[in-house]
Amino acid sequence: MSKVYNVRVYAMGKSQTLVLDDAVSSGMLKLTRRLDGVGRCKGIYDGFIGASGLKLLISLGIKYFPFDHYEDFIIACPNCHERIDDDMILTMYDKWLLGGNNISCNRMECGYRQADVDFLLDC
């Protein structure tokens, strides 16, 4: 049985919003919460998705952030390139999170960022 991942997915434009709405309609992404984004982020989709669905979103350039199965991902700050710590993950639904950011890195004064997430595709 393939893994199911709890993820937050970011729609960074109208075309990505349409793709994610289709993913929800088809059942590929089992939605638990959808929020309107702020600024460049048009929407945030929290939900569950299988590995094949996640690979499809990645191939389309859609950004995401995992909430479980961390062993299947490398999550790093896009500025200093260091792996993130748990306390760097944004959890409050404020302007930073709704704007498409998911971490606040304090290492090199990187600040609020959208983490670089690499899915280890062999998992």
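The values are calculated or read from the model by the stated rules, or taken from the named source; none is laboratory data. Computed from a predicted model, the values in this text were never measured in an experiment. In this analysis, Cβ positions are derived from the backbone assuming ideal geometry, glycine residues included, and neighbour counts consider all displayed protein chains.
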**OP:** Working only within the range 95-105, note down all residues that are free of Cβ contacts under 8 Å to residues at least 60 places away in the same chain and surrounded by 12 or more Cβ atoms within 10 Å (Cβ to Cβ).
**Re:** 96, 97, 101, 103, 104, 105
Original post:
When the residues of the range 1-40 are filtered to those that are closer than 21 Å to residue 52 by Cβ, charged (D, E, K, R) and in contact (Cβ under 8 Å) with a residue 40 or more places away in the chain, which remaining residue is surrounded by the fewest Cβ atoms within 10 Å (Cβ to Cβ)?
Top reply: 3
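Need at least 2 residues that are more than 13 Å from the chain's Cα centre (by Cα) and at pLDDT 95 or above per element, so show me which strands (runs of 3 or more DSSP E) inside the range 23-123 make the cut, counting only ones lying wholly within it.
Because the criterion is at least 2 residues that are more than 13 Å from the chain's Cα centre (by Cα) and at pLDDT 95 or above, the strands (runs of 3 or more DSSP E) in the range 23-123 that meet it are 29-36, 103-105, 111-113.
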Subject >> Number of the exception - residue 51 against (1) surrounded by fewer than 16 Cβ atoms within 10 Å (Cβ to Cβ); (2) in contact (Cβ under 8 Å) with a residue 12 or more places away in the chain >> reply: (1)
Original post:
What pairs can you find where one residue is in the range 57-83 and at positive phi, the other is crowded, with 17+ Cβ neighbours inside 10 Å, and their Cβ atoms are less than 9 Å apart, with a gap of 6+ or different chains?
Top reply: 61/12; 61/16; 69/5
